[in-house]
1. May I ask you to give the average projected area over all directions of the convex hull of the Cα atoms of region 25-158, in nm² rounded to one decimal?
2. Any chance you could run the full-extension gain for ASP91 through LYS29? It's 0.36 nm times the residue separation minus the Cα-Cα distance, nm to one decimal.
3. Looking at GLY22, ALA45, PRO61, which one has the Cα that reaches farthest to the positive end of the dipole of the chain (charges on Cβ: Lys, Arg +1; Asp, Glu -1)?
4. In straight Cα distance, which lysines are under 16 Å from LYS29, not counting same-chain residues fewer than 8 positions off?
5. Which of the lysines could a cross-linker bridge to LYS125, judged by Cα under 27 Å and excluding same-chain residues fewer than eight apart?
6. Using modelled backbone amide H atoms (1.01 Å from N, in-plane), which distant-in-sequence or interchain residues come within less than 5 Å of LYS127's amide H?
7. Quick one: putting +1 on the C-beta of Lys and Arg, -1 on the C-beta of Asp and Glu, what dipole do you get for region 89-134 around its Cα centre, in Debye to the nearest 20?
8. What FRET efficiency do you get for GLU142 and THR66 if R0 is 41 Å and r is their Cβ-Cβ distance, rounded to the nearest 0.05?
Amino acid sequence: MKLNELHDNPGATKRAKRVARGPGSGKGKTAGRGIKGQKSRSGVALNAYEGGQMPLYQRLPKRGFTKPNRKAFAVVNLGLIQKFIDEGKLDAKAEITEDALLASGLIRRKLDGVRVLAKGEFKAKAKLTVTGASKGAIAAVEQAGGSLAVTAQSGDAA
């Protein structure tokens with residue numbers, strides 16, 4: 001194959017519809033916008049506008065609250081930690097800290113800390129030190145013969 005023989009797949013590219021190019025084009029005069037009205041003009045943004053009526057999003061009651069100082073945790077499941085130990089990316093003999101999880105690539109970033117959840121099977125006899133953990137995760141690690149230490153920060157659920 002040569003450079004001059006390269007071509008796109010049939011139907012991959014579609015020619016742009018040329019509007020307002022005379023009556024013969026089929027999209028002449030009003031260019032498919034109909035006659036008059038706000039939508040026929042340029043620079044129109046009618047996202048939630050309801051013709052002067054109170055828009056739906058303003059009529060409905062507002063509920064809930066977003067806490068401005070909430071903490072975001074990197075969530076890790078025990079099954080994933082076990083998988084990384086089996087693959088040799090984490091050392092079960094050494095203490096598994098948040099930095100070790102980050103270095104192994106199990107978490108992308110620490111955020112406000114790492115929270116361990118009990119999903120998955122955990123068999124390794126490992127010592128974990130993280131910011132938070134569920135009760136099920138702590139029980140599962142201790143059942144496997146390891147320990148899970150929680151370094152509590154202010155306002156955290158351990």
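Computed from the coordinates by the stated procedures, all read-outs in this text should not be read as laboratory data. Keep in mind that this is a model prediction, so the values were computed, not measured. Reconstructed Cβ throughout: ideal geometry from the backbone, glycine too, with neighbour counts over all protein chains shown.
1. 16.1
2. 15.1 nm
3. My answer, from the dipole projection, is GLY22.
4. Those lysines meeting the cut-off are LYS17, LYS39.
5. Once the sequence-local lysines are set aside, what remains near LYS125 is LYS83, LYS89, LYS93, LYS110, LYS135.
6. Counting only residues 5 or more places away or on other chains, the set is ILE96, SER147.
7. Value, rounded to 20: 140 debye.
8. 0.70
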